Amino acid sequence: MRAKLKLNKSLLYVLVLILSGMAGYYFFAVLDSVPVKEEGKIFYSVAEVIDGDTIKVEIDGKLEAIRLIGIDTPEITGPYREEGCFGQEASLKTKDLLNGKKVSLISDSSVSDRDKYGRLLRYVFLPDGEFINADLVKNGYAFNYAYENFQYLNYFNGLEKQAKESRLGLWGSECDYYFETK
C-alpha cells in the first residue's frame, strides 16, 4: 500500500510540473502579445508632432526624431509629397494625443534602432500606459506597417482588422483604403 501511495505522489508531482509549465508558457505567450504598462520608465517631453507617425522628443537636451514602430499614416502635404486621404486627421489625432505630453520610448530588438532617415524607431507610451502606436491602428488613424517583422505585428494585424470591419477612420467611406486592401 505504501509503494502505491509514493507512486501516486510522484505521478501527482510530475503532473503538477507539467501543468505549471504549460500555464507558465501560456502566461508568458499572452504577456508577449499584449502590451502592458511598465513601471520605472524614463519619460521624455514631446517637443513637436511632425505628422501622424513621427514626433520629436527631447533626449538629453537634444531633439530626436522618433518614427513610431509598426504604423504608417497617410501623408500630409510637404515639399516632396502630396497629401493622402485622412493624412490631416491622422496628424491631428497624434497631435491631440501627444502635444505637450511626456512619453516613454521603448525599442524593439527585432527591428533596426534607426530608419534610413536617422529617426529612432520606438513604441510610444503615455505615463498611464496608453500604447500610442496601437491606439492609432485600433482607431483607424494608421495602417499596420510591417516594413520589418516587429514584436506586436500580430497584435497590430488584429487591431487593423477590427478597425477595417468597423470602418473606423481611414477605413471609412471617404477614403478608398478599405477597398484597396480588402
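Would it be correct to say that residue 118 is in the same structural domain as residue 93 (by TED's automatic domain parsing), more than 20 Å from residue 75 (Cβ to Cβ) and either out of contact with any His (no Cβ under 6 Å at 6 or more places or on another chain) or surrounded by fewer than 20 Cβ atoms within 10 Å (Cβ to Cβ) (or both)?
It is false that residue 118 is in the same structural domain as residue 93 (by TED's automatic domain parsing), more than 20 Å from residue 75 (Cβ to Cβ) and either out of contact with any His (no Cβ under 6 Å at 6 or more places or on another chain) or surrounded by fewer than 20 Cβ atoms within 10 Å (Cβ to Cβ) (or both).
So how many residues does the range 131-142 have that are out of contact with any helix residue (DSSP H, G or I) (no Cβ under 7 Å at 6 or more places or on another chain) and either assigned to a loop (DSSP other than H, G, I, E, B) or among the aromatic types (Phe, Trp, Tyr) (or both)?
Qualifying residue count, the range 131-142: 1.
Would you say residue 124 is touching a strand residue (DSSP E or B) at 6+ places or on another chain (Cβ under 6 Å) and closer than 14 Å to residue 72 by Cβ?
So residue 124 fails the test.
Which one is surrounded by the most Cβ atoms within 10 Å (Cβ to Cβ), of the residues in the range 75-110 that are over 21 Å from residue 43 (Cα atoms) and touching a strand residue (DSSP E or B) at 6+ places or on another chain (Cβ under 7 Å)?
Here the answer is 91.
Taking the range 130-158 on its own, how many of its residues are among the small types (Gly, Ala, Ser), out of contact with any Pro (no Cβ under 8 Å at 6 or more places or on another chain) and more than 18 Å from residue 65 (Cβ to Cβ)?
3
Modelled with pLDDT of 90 or more and not basic (Lys, Arg), is that true of residue 69?
Answer is yes for this residue.
I need a count of the residues in the range 143-174 that are over 20 Å from residue 106 (Cβ atoms), in a loop (DSSP other than H, G, I, E, B) and not acidic (Asp, Glu).
Selection size over the range 143-174: 5.
Pick from 90, 65: which is within 28 Å of residue 164 (Cα to Cα) and not acidic (Asp, Glu)?
Of the residues listed, the single one that is within 28 Å of residue 164 (Cα to Cα) and not acidic (Asp, Glu) is 90.
Kindly indicate whether residue 129 is within 19 Å of residue 45 (Cβ to Cβ), of a type outside the set (Phe, Trp, Tyr), touching a Lys or Arg at 6+ places or on another chain (Cβ under 6 Å) and surrounded by fewer than 16 Cβ atoms within 10 Å (Cβ to Cβ).
Answer is yes for this residue.
The values are calculated or read from the model by the stated rules, or taken from the named source; none is laboratory data. Only a predicted model underlies this, so the values are computations on that prediction, with no experimental measurement involved. Ideal geometry is used to build each Cβ from the backbone, glycine not excepted, and the neighbour counts take in all protein chains shown.
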